[in-house]
There are 2 protein chains.
Amino acid sequence: MSAAPKTTGAGPLRRLKVIDAGAMIAGPLAATQLADFGAEVIKLELPEIGDSMRHWTPMKDHRSLWWKVIGRNKKLVTLNLSLPEGREIFRKFVATADIVFENFRPGTFERWGLGYDALAKINPRLVLVRVSGFGQTGPYASHGGYGTIAECFSGIPSFTGFPDKPPTLLGFPLADSVAATFAAMSALMAIYERDQGGSGIGQVIDVSLYEPLFRLVESQVIGFDQLGIVKQRIGNRLAEDSPRNTYETCDGNWVGISASSQSTFERLAQAVGMPELITDARFRDNASRCTYGDELDAILVAWFKTKTLTEVMALVDKGNVVAGPVLDICGIFQDPHYRARQNIVEVPDDDFGTVRMQSVVPHFSRTPGCVTKSGGGLGKDNDEVYERLGIGADERARLRSLKVI
Amino acid sequence: MSAAPKTTGAGPLRRLKVIDAGAMIAGPLAATQLADFGAEVIKLELPEIGDSMRHWTPMKDHRSLWWKVIGRNKKLVTLNLSLPEGREIFRKFVATADIVFENFRPGTFERWGLGYDALAKINPRLVLVRVSGFGQTGPYASHGGYGTIAECFSGIPSFTGFPDKPPTLLGFPLADSVAATFAAMSALMAIYERDQGGSGIGQVIDVSLYEPLFRLVESQVIGFDQLGIVKQRIGNRLAEDSPRNTYETCDGNWVGISASSQSTFERLAQAVGMPELITDARFRDNASRCTYGDELDAILVAWFKTKTLTEVMALVDKGNVVAGPVLDICGIFQDPHYRARQNIVEVPDDDFGTVRMQSVVPHFSRTPGCVTKSGGGLGKDNDEVYERLGIGADERARLRSLKVI
């Protein structure tokens, strides 16, 4: 694996100033997405305790590895917003920020006197992005904002997984991660409107955890509205596509197949040595293949069980079949494409010298993003950041003793 | 369900000019995300055939419902880029565009003389966003760009689903949808760099379908690098969190629970009338609960089987438990929170009068996005758009007869 490209500070967002006042995943990851591309992100954490992600598994030597990823590329500062002096300092941060991300329970910022109107008086150019489980309005606004609950609420688990198993959740926080991406994207929209749209002023963006997932399932609403379709759990098949599944090889690996178009199906039938499938009336087009999906699947399951992954991939490559292995992280570390794309980078780390993590996504031709450092210790950048804010060493000592910073 | 808010054309991106030269999902959905917020998106489609999504199920009266969502808010124009005259017209579009999205197989634009260098000569301010299955570089760059294969390649299915079932894919195109969001986000980063970063020029952004998913699984790489962790399929539980699952009620509904923190677990134990779980040594903290996850799960499965969804939700609300129903689309249409947030909007449609679909996400306070129209007929806006480009009625007739437009 190669080191991160040497383009420190040259990302597309290097003039953008962001305050990460969030905690856990969705707010902070939105900020990290911008930090990955050069924005200056100042991350605020509770003194002594720090962000909850610091206490999340997996741990090594009592250090959270997840924190090192979500906390990367940020300036790390302690600040207690629940204390009046903390809020006074927060207002100083707000004065020069382009974007603030927060994901407290709706109403918390208002209770602290930090609602948008109050912040806009300090800095009318501020874009305030508020992330919460159910959004800032509506009957469930005050409910806890957990990604799992939002994922369930979005509709996706109801049609993900197998009919004889429960609605299936992903093995990582999908709702938080996708909402973070929407939060970062929409913050940039508001910045564009402020700077290029001619208004010169900011606004509030209300990002829930459930709506981004709901947005992405394109045919869910209209399919029900127009045809009464209620998507069901049918395993890895899709009601609209056949064949599409993951198949186990005789050496215990898995291969994904997506071959619903006629040409991709015919190439698959040739590659597996069963050209007779093409003329079989049950499989003559995608609609028929969907009807006889179980039968087609059984044929493919049996075929894959007779081949190793290497044998399958040789046939697949030769036949230009749309197929690929289900990689786990071992496979990812060994894969030549991951290596060629420099998807895994080695990053300086205060605890372990260097650590490896995923690089920035996507790739920019002229001003690429990069990972300059992993998430560091609590309050690591207090001196630098507070000095710049006009808060000298003596004052910092006083604030520290009061647990304001 | 309420109609779309009456804020036509007032979205944050109303000065942004976008060309959607993509097909299927990832490129076009990136453009739709910007169109949802007021960008002028001109969608180019093959004459006579149109985008593949026009032929995708679910269909009503031979009209694709999915197309009506992904094609919404766009100006629809036919243009055949594989013909020299088509490319001549494409260059005219490029001259005034801010962003072009394309998702042809890598190398196609170059073969047509439409590589970035050629386009930048026409318009140095252009941001060219290229979406493909495996990206523009690396050994698999030329492989077909199907979302299912990218999802398998990202690592996610290897740890999603149940150990006695295959690696589990989502019931909708996850890789395409998330990549589209990254494509839209990163395009806005490049626009910011061009306009506010001081360069005044565009660049190329290379978005694959697998890297955005790989990016979002924060602890996958570092967990393997530092501790050798290979995430496994363990159903709806997480190795780091317990309890977290979906549970079936006696009336056949499902409820999601996420209660790994001590306070949320204790509230859950009280709400289900089993305070003794709190003092049970096996469940005394999250780490122990993860160790005895099967035992805890069995207790909860049995409890949920004795209650209806209504009974569960009453206890959950009273006890401030982090829990919520697994909704399907029927439940979504009936839910008061979805209604209060106006998540489903009624949109004018050329075929069916009006159709209902998901609204824009997220919510902006001052310049909200909106859905003004569903995806319409092929070439619907040819006259308006080509007239503006200086191509008159006679010339359009000639180009149409040659199947250029």
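The values are calculated or read from the model by the stated rules, or taken from the named source; none is laboratory data. On a predicted model such as this, the values are computed, not experimentally measured, just so you know. Every residue, glycine among them, receives a Cβ derived from its backbone with ideal geometry; neighbour counts consider all protein chains shown.
Scanning region A:228-237 for residues that are of a type in the set (V, I, T), farther than 19 Å from B:L174 by Cα and more than 7 Å from chain B (Cβ to nearest Cβ) yields a count of 0. Note on region B:280-358: enclosed helices (runs of 4 or more DSSP H) holding 3 or more residues that are small (G, A, S) and not assigned by TED's automatic domain parsing to the domain that holds B:T32 are B:293-304. Being more than 7 Å from chain A (Cβ to nearest Cβ) and surrounded by fewer than 24 Cβ atoms within 10 Å (Cβ to Cβ) is a condition met by at least one residue of region B:161-168. From the list A:D251, A:D225, A:D241, the lone residue that is surrounded by fewer than 23 Cβ atoms within 10 Å (Cβ to Cβ) and at the interface with chain B (Cβ under 7 Å from one of its Cβ atoms) is A:D225.
Annotation: of all residues in region A:140-154 being at the interface with chain B (Cβ under 7 Å from one of its Cβ atoms) and touching a Lys or Arg at 6+ places or on another chain (Cβ under 8 Å), the one that is nearest to A:L238 (Cα to Cα) is A:T148.
Filtering region A:76-109 to residues that are crowded, with 18+ Cβ neighbours inside 10 Å and touching a helix residue (DSSP H, G or I) at 6+ places or on another chain (Cβ under 7 Å) leaves A:V77, A:T78, A:L79, A:N80, A:L81, A:V94, A:D98, A:I99, A:V100, A:F101, A:E102, A:N103. When every residue of region B:40-61 is checked against the conditions, none turns out to be under 18 Å from the mean Cα position of the chain (by Cα), within 27 Å of B:T367 (Cα to Cα), within 13 Å of another protein chain (Cβ to nearest Cβ) and among the aromatic types (F, W, Y). Just checking, which of A:L119, A:L83, A:L65 is out of contact with any Asp or Glu (no Cβ under 8 Å at 6 or more places or on another chain), of a type outside the set (S, T, Y) and without any contact (Cβ under 8 Å) to a residue 40 or more places away in the chain? Only one candidate passes the filter, namely A:L119. Within region A:306-354, the set of residues being closer than 21 Å to B:G223 by Cβ and of a type in the set (S, T, Y) comprises A:Y338, A:T354. Would it be correct to say that B:T137 is more than 21 Å from B:L44 (Cα to Cα) and either under 27 Å from the mean Cα position of the chain (by Cα) or more than 10 Å from every other protein chain (Cβ to nearest Cβ) (or both)? Spelling it out, B:T137 is indeed more than 21 Å from B:L44 (Cα to Cα) and either under 27 Å from the mean Cα position of the chain (by Cα) or more than 10 Å from every other protein chain (Cβ to nearest Cβ) (or both). Remark: A:R125 matches the filter, which requires a residue to be farther than 28 Å from A:Q232 by Cα, in contact with a Gly (Cβ under 7 Å, 6 or more places away or on another chain) and more than 8 Å from every other protein chain (Cβ to nearest Cβ). Reported count of residues in region A:228-239, each being in contact with a helix residue (DSSP H, G or I) (Cβ under 7 Å, 6 or more places away or on another chain) and either in the same structural domain as A:A184 (by TED's automatic domain parsing) or over 20 Å from A:F162 (Cβ atoms) (or both), is 0. The one condition from (1) touching a residue at least 40 places away in the same chain (Cβ under 8 Å); (2) of a type outside the set (D, E, K, R); (3) not assigned by TED's automatic domain parsing to the domain that holds B:G115 that B:I201 does not meet is (3).
Among the residues of region A:343-371 satisfying the criterion of being among the polar types (S, T, N, Q) and surrounded by fewer than 19 Cβ atoms within 10 Å (Cβ to Cβ), which is nearest to B:S186 (Cα to Cα)? It comes out as A:S365. Picking from residues in region A:127-150 that are out of contact with any Phe, Trp or Tyr (no Cβ under 6 Å at 6 or more places or on another chain) and surrounded by fewer than 24 Cβ atoms within 10 Å (Cβ to Cβ), the one that is modelled with the lowest pLDDT is A:G144. Entry remark, region A:170-201: residues being within 7 Å of another protein chain (Cβ to nearest Cβ), touching a Pro at 6+ places or on another chain (Cβ under 7 Å) and at pLDDT 95 or above number 7 in total. B:A10 satisfies every condition listed in (1) in contact (Cβ under 8 Å) with a residue 12 or more places away in the chain; (2) closer than 18 Å to A:E218 by Cα except (2).
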